[in-house]
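Participant: Pasting in a structure now, in structure tokens, and then I'll have a few things to ask.
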């Protein structure tokens, strides 16, 4: 984890009971005038009032950008009714989770108020999540689109899975090429398939992992079915599973109908599927608009498929 960690400014709010004044007072009291002004403007729009109405439903934790951070955002974005409601709702997490924050490399995950269907494609109409952690010195930081954002940043809702995999931070360009060139029987590429899914978990081999498996993958060049099975066994279809929901005994089935096995030890977090080799998860909880990606350091080579098990998972 590179770079200096700065404190994220958090405002824990008690139940506001529909009173916007209570929210604004909490923000202004911590010197967050710009975010307070933007939040106040929500009361003048339909979408904004829908966001504010949710504040009366129990405790909330706000990841609030500094005035300098808010002023650096493109005015065209913050002056748009829909965009403003979306960005503010992504900074608000349900519950008082500050005291439950895990110390890095463990992470804490909470559901935000962001549920705009144009930006969120999670299963069961769930709202988008936020991932954060705590340094040894107590500083909080947020994981967001490949960067560590602190008090001087405005959080951006996760992009689609294609944009995530094309992000140079994750070194997954070889996987993107593989997903684009490998098609399902109906002609749809794997990349298009997982991009349109509502709820997806992908174990994404980085470039080093794909290169290490290149000879094995090349051996499947004339066996399209086996290659599809290998890729399917890196996908959990229709379900978003974050790291805090995984244990060594988690019953998780791949899109190829194979069982995943997870291992946690002093050297890291590992996963295998069916009878495959074990690979290490080097970057967990990479959020996308429709699910989550785990960057892994190898290809889990299992060509088996059990459609019956996969369909009932």
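Participant: Would you point out which residue out of 163, 177, 208 is within 29 Å of residue 35 (Cα to Cα) and either touching a helix residue (DSSP H, G or I) at 6+ places or on another chain (Cβ under 6 Å) or assigned to a helix (DSSP H, G or I) (or both)?
Facilitator: Just one listed residue meets the conditions, 163.
Participant: A follow-up question, please. Identify the single condition in (1) more than 20 Å from residue 282 (Cβ to Cβ); (2) touching a strand residue (DSSP E or B) at 6+ places or on another chain (Cβ under 6 Å); (3) outside the structural domain of residue 63 (by TED's automatic domain parsing) that residue 188 does not satisfy, given that it satisfies every other one.
Facilitator: The single condition residue 188 does not satisfy is (2).
Participant: Kindly list the number of the only condition in (1) free of Cβ contacts under 8 Å to residues at least 60 places away in the same chain; (2) buried (at least 18 other Cβ atoms within 10 Å of the Cβ); (3) over 14 Å from the mean Cα position of the chain (by Cα); (4) assigned to a loop (DSSP other than H, G, I, E, B) that fails for residue 118.
Facilitator: Tallying (1) free of Cβ contacts under 8 Å to residues at least 60 places away in the same chain; (2) buried (at least 18 other Cβ atoms within 10 Å of the Cβ); (3) over 14 Å from the mean Cα position of the chain (by Cα); (4) assigned to a loop (DSSP other than H, G, I, E, B), residue 118 fails exactly one: (2).
Participant: Just checking, does the range 126-136 include any residue being modelled with pLDDT of 90 or more, part of a loop (DSSP other than H, G, I, E, B), touching a strand residue (DSSP E or B) at 6+ places or on another chain (Cβ under 8 Å) and buried (at least 21 other Cβ atoms within 10 Å of the Cβ)?
Facilitator: yes
Participant: Six or more apart or on different chains, Cβ under 9 Å: which pairs go from a residue in the range 298-313 that's modelled with pLDDT under 85 to one that's surrounded by 21 or more Cβ atoms within 10 Å (Cβ to Cβ) and in a helix (DSSP H, G or I)? Could you list them?
Facilitator: Qualifying pairs under 9 Å: 310/232.
Participant: Can you tell which of 30, 15 is under 18 Å from residue 152 (Cβ atoms) and at pLDDT below 85?
Facilitator: 30
Participant: Need pairs with beta-carbon distance below 7 Å; first residue assigned by TED's automatic domain parsing to the domain that holds residue 39 and within the range 65-76, second surrounded by fewer than 18 Cβ atoms within 10 Å (Cβ to Cβ); sequence gap 6+ or separate chains.
Facilitator: Listed pairs, sorted by first residue: 66/152; 67/33; 68/152; 69/152.
Participant: I'd like the full set of residues that are at pLDDT 85 or above, out of contact with any helix residue (DSSP H, G or I) (no Cβ under 7 Å at 6 or more places or on another chain) and in a helix (DSSP H, G or I), limited to the range 56-79.
Facilitator: The answer is 68, 69, 75.
Participant: Any residue that is under 27 Å from residue 226 (Cα atoms), in contact with a strand residue (DSSP E or B) (Cβ under 6 Å, 6 or more places away or on another chain) and either surrounded by fewer than 17 Cβ atoms within 10 Å (Cβ to Cβ) or at pLDDT 85 or above (or both) - is there at least one of those in the range 92-101?
Facilitator: No, the range 92-101 contains no residue that is under 27 Å from residue 226 (Cα atoms), in contact with a strand residue (DSSP E or B) (Cβ under 6 Å, 6 or more places away or on another chain) and either surrounded by fewer than 17 Cβ atoms within 10 Å (Cβ to Cβ) or at pLDDT 85 or above (or both).
Participant: Oh, and also: Given the criteria in a strand (DSSP E or B), over 24 Å from residue 247 (Cα atoms), touching a helix residue (DSSP H, G or I) at 6+ places or on another chain (Cβ under 7 Å) and outside the structural domain of residue 285 (by TED's automatic domain parsing), does residue 82 qualify?
Facilitator: Taking the combined requirement at face value, the residue does not satisfy it.
Participant: Looking only at the range 246-262, count how many residues are more than 22 Å from residue 229 (Cα to Cα) and loosely packed, with under 12 Cβ neighbours inside 10 Å.
Facilitator: Here the count works out to 3.
Participant: When both residues are 6+ apart or on different chains and their Cβ atoms are under 9 Å apart, which pairs have a first residue that lies in the range 156-174 and is outside the structural domain of residue 215 (by TED's automatic domain parsing) and at positive phi, and a second that is assigned to a helix (DSSP H, G or I) and modelled with pLDDT under 95?
Facilitator: none
The values are calculated or read from the model by the stated rules, or taken from the named source; none is laboratory data. Computed from a predicted structure; not experimentally measured. With ideal geometry, Cβ positions are generated from the backbone for all residues, glycine too; neighbour counts draw on all protein chains shown.
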